[in-house]
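Student: I'd like to ask you about the structure that follows.
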Amino acid sequence: MSSPAREVRDADVEHRRIQVADDVCLHVVHAGAGTPVVLLHGFPQFWWAWRYQIPALVDAGYHVIAPDLRGYNDSDKPHGVKRYRMKELVADVRALIKAFGYSRVNLVAHDWGGVIAFPFAARHPEMLERLIVLNAPHPAVFMRELRTFEQLRKSWYVFAFQLPRIPEYRLGKPDFAARIFRGLSRNRAHFTDDVIARFRDAIMKPGARTAMLNYYRASMSAPSKLATIKPPTRIIWGEEDVALGLSLLNGLDEHIPGVDIQRVPNASHWVNEDAPERVNELIIDFLRQPVA
């Protein structure tokens, strides 16, 4: 049995600001040395979502790079829905990798980070050694499943987020962070009061709520077709995700040849926080496999 995962301490990471566009800098934490691993968080989180993965990856000999995506926490928050189109989000990841002096990295991504990671891998396969995606849908499969009542029912919030002002109000309610994290988790002990407070503080930073919601608003015009994803890819999926059904795993091999799918029972959408020991094992095991 693996030992309990430990949380990263603030003193364990170095903070940097990286310019990725003319008027956009990302706040980034990094730690360790060795082969680079970039971690992309999801909605409505920030780099702290990887608090259990950063120490494990550093101990395993990797240089971990974890940004706040544009619009989140301490990264810049450009105005306007168009500033959150997929083209710009993918360009942010490319610029971040280049800024650290790397030409190829491993990419690990959850939720919206995964939504960005799929097109990044399709457009820039030469920049990836391996791709690991946690509970995030491939766009073509997601559009297919939205034609079913079950996934459409689960994805109601995507359409609700298109409304003006009301979603910002909902995200700003004092209990929002506790409801979305602790309320949906299968391991509530990992969402302590301190963790909830950190996520809430990030959500409430000026401009953050609208910026985070603009990911969803910009996605309504995003293309769902991607080139075949060529880098070796592992999907890690918490089986008890209330927003993304298991049917999203069906047919992935049509878009990602040889995809390796690992299902994690008793874990929710917050799979890397619900089951950090198992997720850390699955990430490090895949990163260590020899590239064919």
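The values are calculated or read from the model by the stated rules, or taken from the named source; none is laboratory data. Computed from a prediction, not measured in an experiment: that's the story for all the values here. Neighbour counts run over all protein chains shown; Cβ positions are idealised from the backbone, glycine included.
Student: Could you tell me which numbered condition P137 fails, if it satisfies all but one of (1) at pLDDT 95 or above; (2) not in a loop (DSSP other than H, G, I, E, B)?
Tutor: P137 satisfies all of (1) at pLDDT 95 or above; (2) not in a loop (DSSP other than H, G, I, E, B) except (2).
Student: So which strands (runs of 3 or more DSSP E) stay within the stretch 1-61 end to end and still have 2 or more residues that are more than 21 Å from L287 (Cβ to Cβ)? Give the steps one after another, and end with the answer.
Tutor: Details: elements: 14-21, 24-31, 35-40.
By residue number, 14-21, 24-31.
Student: Sticking with this one: Of everything in the stretch 21-46 that's of a type in the set (V, I, T) and over 18 Å from R94 (Cβ atoms), which residue is surrounded by the most Cβ atoms within 10 Å (Cβ to Cβ)? Show your work before the answer.
Tutor: The first filter runs over the stretch 21-46 and keeps only residues of a type in the set (V, I, T), leaving 24, 28-29, 35, 37-38.
When the remaining residues are screened for being over 18 Å from R94 (Cβ atoms), the result is 29, 35.
Details: V29: 23, T35: 18.
The selected residue is V29.
Student: Which of (1) more than 17 Å from the chain's Cα centre (by Cα); (2) in a helix (DSSP H, G or I); (3) in contact (Cβ under 8 Å) with a residue 24 or more places away in the chain does Y216 not meet, given it meets every other one?
Tutor: (1)
Student: Let me ask another. Can you confirm whether the stretch 224-235 contains a residue that is at pLDDT below 95, surrounded by 15 or more Cβ atoms within 10 Å (Cβ to Cβ) and among the aliphatic types (A, V, I, L, M)?
Tutor: The answer is yes; a qualifying residue exists.
Student: Only one residue in S103, S75 is part of a loop (DSSP other than H, G, I, E, B), of a type outside the set (V, I, T), over 14 Å from the mean Cα position of the chain (by Cα) and closer than 20 Å to A121 by Cβ. Which one? Steps first, please.
Tutor: Numbers: S75 fails: closer than 20 Å to A121 by Cβ.
Unique residue meeting the criteria: S103.
Student: Name the residue that is modelled with the lowest pLDDT, counting only residues in the stretch 183-200 that are under 19 Å from the mean Cα position of the chain (by Cα) and of a type in the set (D, E, K, R).
Tutor: Out of the qualifying residues, it is R186.
Student: Just give me the residues in the stretch 267-292 being part of a loop (DSSP other than H, G, I, E, B) and surrounded by 13 or more Cβ atoms within 10 Å (Cβ to Cβ), in sequence order.
Tutor: Pass one, the stretch 267-292, residues part of a loop (DSSP other than H, G, I, E, B): 267-270, 275, 289-292.
Scanning the stretch 267-292 gives A267, S268, H269, W270, A275.
Student: Something else: Across the stretch 256-270, what is the total count of residues that are out of contact with any helix residue (DSSP H, G or I) (no Cβ under 6 Å at 6 or more places or on another chain) and either touching a residue at least 60 places away in the same chain (Cβ under 8 Å) or farther than 20 Å from H138 by Cα (or both)?
Tutor: 5
Student: Please identify the pairs in which a residue from the stretch 1-19 that is over 16 Å from D59 (Cα atoms) and modelled with pLDDT of 90 or more has its Cβ atom under 8 Å from the Cβ atom of a residue that is of a type outside the set (S, T, Y) and part of a loop (DSSP other than H, G, I, E, B), counting only partners at least 6 apart or on another chain.
Tutor: These pairs meet every condition: I18/F100.
Student: Taking the stated definitions as given, is S185 polar (S, T, N, Q) and closer than 24 Å to T210 by Cα?
Tutor: Working: polar (S, T, N, Q): yes; closer than 24 Å to T210 by Cα: no.
Spelling it out, it is not the case that S185 is polar (S, T, N, Q) and closer than 24 Å to T210 by Cα.
Student: Which of the residues that make up the stretch 147-169 are buried (at least 17 other Cβ atoms within 10 Å of the Cβ) and either free of Cβ contacts under 8 Å to residues at least 40 places away in the same chain or assigned to a loop (DSSP other than H, G, I, E, B) (or both)?
Tutor: Result: S155, F161.
Student: Among the residues of the stretch 47-58, are any surrounded by fewer than 15 Cβ atoms within 10 Å (Cβ to Cβ) and either of a type outside the set (S, T, Y) or under 22 Å from D201 (Cβ atoms) (or both)?
Tutor: Taking every residue of the stretch 47-58 in turn, none turns out to be surrounded by fewer than 15 Cβ atoms within 10 Å (Cβ to Cβ) and either of a type outside the set (S, T, Y) or under 22 Å from D201 (Cβ atoms) (or both).
Every residue, every condition in (1) of a type in the set (V, I, T); (2) within 21 Å of A140 (Cα to Cα); (3) buried (at least 17 other Cβ atoms within 10 Å of the Cβ), yes or no:
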{"site": "R186", "(1), (2), (3)": "no, no, yes"}
{"site": "A189", "(1), (2), (3)": "no, no, no"}
{"site": "D193", "(1), (2), (3)": "no, no, no"}
{"site": "F199", "(1), (2), (3)": "no, no, yes"}
{"site": "G207", "(1), (2), (3)": "no, no, no"}
{"site": "A218", "(1), (2), (3)": "no, yes, yes"}
{"site": "G238", "(1), (2), (3)": "no, yes, yes"}
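Student: Out of the residues in the stretch 106-126 meeting the condition of being β-branched (V, I, T) and in a helix (DSSP H, G or I), tell me which one is surrounded by the fewest Cβ atoms within 10 Å (Cβ to Cβ).
Tutor: Taking the stretch 106-126 and keeping what is β-branched (V, I, T), we get 108, 115-116.
Still in the running and in a helix (DSSP H, G or I): 115-116.
Working: V115: 25, I116: 22.
Ranking the qualifying residues of the stretch 106-126, first place goes to I116.
Student: Please specify each residue of the stretch 30-63 satisfying the condition of being touching a His at 6+ places or on another chain (Cβ under 6 Å) and either among the aliphatic types (A, V, I, L, M) or without any contact (Cβ under 8 Å) to a residue 24 or more places away in the chain (or both).
Tutor: A33, A49, listed by residue number.
Student: Determine the pairs where a residue that is of a type in the set (S, T, N, Q), located within the stretch 273-288, has a partner that is in a helix (DSSP H, G or I) with Cβ atoms under 8 Å apart, the partner being 6 or more residues away or on another chain.
Tutor: Note: pairs meeting the criteria are N280/Q53; N280/A56; N280/L57.
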